[in-house]
Every structure is written in C-alpha cells, then in structure tokens.
Amino acid sequence: MTLNDVGQLVDSLCHGIDSDDAFHTLIEADKSIIPLLIQQFTTRASGADRARIIEVIWQHRDKTSIPVLASALRDPHPDVWRHALDGLVTIGGIKSHAALVDFRSELGEDSEQASWVDEAISQFQL
C-alpha cells in the first residue's frame, strides 16, 4: 500500500460515508502500514483526524508503535491522548508501562490527564 493509498483511506476514515470500511481496511492491513499511518498522523491539523489515526495505529497491537503512542500523550486534543492511553494499555509490556510512568512524572497533580494516566498505569500487571 502506498502513502497515497493510505492517505485516501484516512480521508475516508475521517470524513467519508464509508468510514467503517476504511477503519477495517486499515486495521486489517499488514503492520508495514504503521509508518505510513504515522506520517498521516504527523501531518493532520485536525485533532479529530489524529485521534482516529492513533486509534488505527494502536489497533495493530504492534510494539513498534509504542514511541508514537507515547508521543501522542502530549497531544492537545483529548481524544488523541485518550486513544494513546488505550493503545499503551492494550499493547502492554514494560515499554508501554515505562512510557506512561515517564509521562506521569511530567504532570501535576491537578492535571486532568493525571487521573487518566494513573488509571492506565494501575491496569498493568508486570
């Protein structure tokens, strides 16, 4: 699949009438699609678009996506960082846990994200 193909599917995912079909096509694609999805994620201005893309990325359940999910925790759009949390918890493992703990150390106690991150961390069984 080319970057152009992925871009068209992401457009359908985010703005098309066939968004469910695009979602399933993207998550059923080979994991080699992940770098192309990351490119789409980094170039989209819309927080809603980025949220949908990050959801597709984590649905692949590939440990190579942990860095982009960890980075997405810092996204200003709440749906993006919430999907990133979901992905890190779903993928699990030491690297996901470490990413969450590192991010949590950056947050104040009064941060809205803090309680979400604390809940995510509590779901790990290491």
Subject >> Scope the stretch 71-117; condition of a type in the set (D, E, K, R), assigned to a helix (DSSP H, G or I) and surrounded by fewer than 13 Cβ atoms within 10 Å (Cβ to Cβ); matching residues >> reply: ASP102, GLU112
Original post:
Within the stretch 106-126, can you find the residues that are under 23 Å from LYS95 (Cβ atoms) and either in contact with a helix residue (DSSP H, G or I) (Cβ under 8 Å, 6 or more places away or on another chain) or at pLDDT 95 or above (or both)?
Top reply: LEU107, GLN113, ALA114, TRP116, VAL117, ASP118, ALA120, ILE121, GLN123, PHE124, LEU126
**OP:** From the list ALA22, ALA29, pick out the single residue that is open to solvent by less than 30 Å² (accessible area, probe 1.4 Å), in contact with a helix residue (DSSP H, G or I) (Cβ under 6 Å, 6 or more places away or on another chain) and among the small types (Gly, Ala, Ser).
**Re:** ALA22
Original post:
In the stretch 50-70, which residue that is open to solvent by less than 50 Å² (accessible area, probe 1.4 Å) and of a type in the set (Val, Ile, Thr) is farthest from LEU3 (Cα to Cα)?
Top reply: ILE66
Original post:
Mind checking which pairs have a first residue in the stretch 105-122 that is under 14 Å from ASP86 (Cα atoms) and a second that is in a loop (DSSP other than H, G, I, E, B) and hydrophobic (A, V, I, L, M, F, W, C), Cβ under 6 Å, 6 or more apart or different chains?
Top reply: GLN113/LEU107
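The values are calculated or read from the model by the stated rules, or taken from the named source; none is laboratory data. Model, not experiment: these values are computed from the prediction. Virtual Cβ from ideal backbone geometry, glycine too; neighbours counted across all protein chains shown. Keep in mind that these areas ignore ligands, DNA and RNA; they rest on the heavy atoms of the full protein, side chains included. Shrake-Rupley method; radii C 1.70, N 1.55, O 1.52, S 1.80 Å.
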